[in-house]
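Quick notes on the structure that follows.
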Amino acid sequence: MYTWSDIVELVQYAAVRGIKIVPEIDTPAHVGEGWRFFEEDFLLKFNVEPWSKFCGEPPCSILNPINERVYEVLAGLYSEFNQLFDSDVFHMGGDEIRFVSWNETQSILEWLSERSVL
């Protein structure tokens, strides 16, 4: 496991050599084990089977887009990454989303219906 000081050292090492490190937080898919300590509805389809229906690869999970806490946590992460990497860019992922994860979640369907999106 790497520490923040390890990352700072790596960023400095790269910068001296003219290399920019572009960090990535792959969301909203590819979240699972490291995110499961949040409240129950923070993640959807955590370790669900068959995983191939709900995600690109196991372990399966996707962030819950109607949970406001998700955005608070991401804002904090992005802020820390901005300070840590001192970069004008970072990669958010955004690929490998299986919309069935959201389309088969009753709370999301209700949220959309309340807003006349469906």
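The values are calculated or read from the model by the stated rules, or taken from the named source; none is laboratory data. The shown structure was predicted, so the numbers you read here are calculated from the model rather than taken from an experiment. Positions of Cβ are backbone-derived with ideal geometry, glycine not excepted, and every protein chain shown enters the neighbour counts. In case anyone asks, the SASA skips ligands and DNA or RNA and just uses the protein heavy atoms, side chains included. Shrake-Rupley method; radii C 1.70, N 1.55, O 1.52, S 1.80 Å.
Observations on the model:
- Size of electric dipole in the chain: Cβ of Lys, Arg +1 and of Asp, Glu -1, about Cα centre, debye, nearest 20: 220
- Degrees separating the helix 4-16 axis from the principal Cα axis of the chain, which is the longest one: 60
- Relative contact order (percent, whole number), the range 28-73, Cα cutoff 8 Å, 6+ residue spacing: 41
- Fraction of accessible area attributable to carbon and sulfur, the chain (%, probe 1.4 Å): 55
- Computed over the range 1-89, relative contact order equals 29 percent, with contacts defined as Cα pairs under 8 Å that lie 6+ residues apart.
- Projecting the Cα atoms of Tyr78, Asn47, Gly18 onto the charge dipole of the chain (Cβ charges, centred on the Cα centre) puts Gly18 farthest toward the positive pole.
- For the chain, the solvent-accessible area with a 1.4 angstrom probe is 67 square angstrom per residue.
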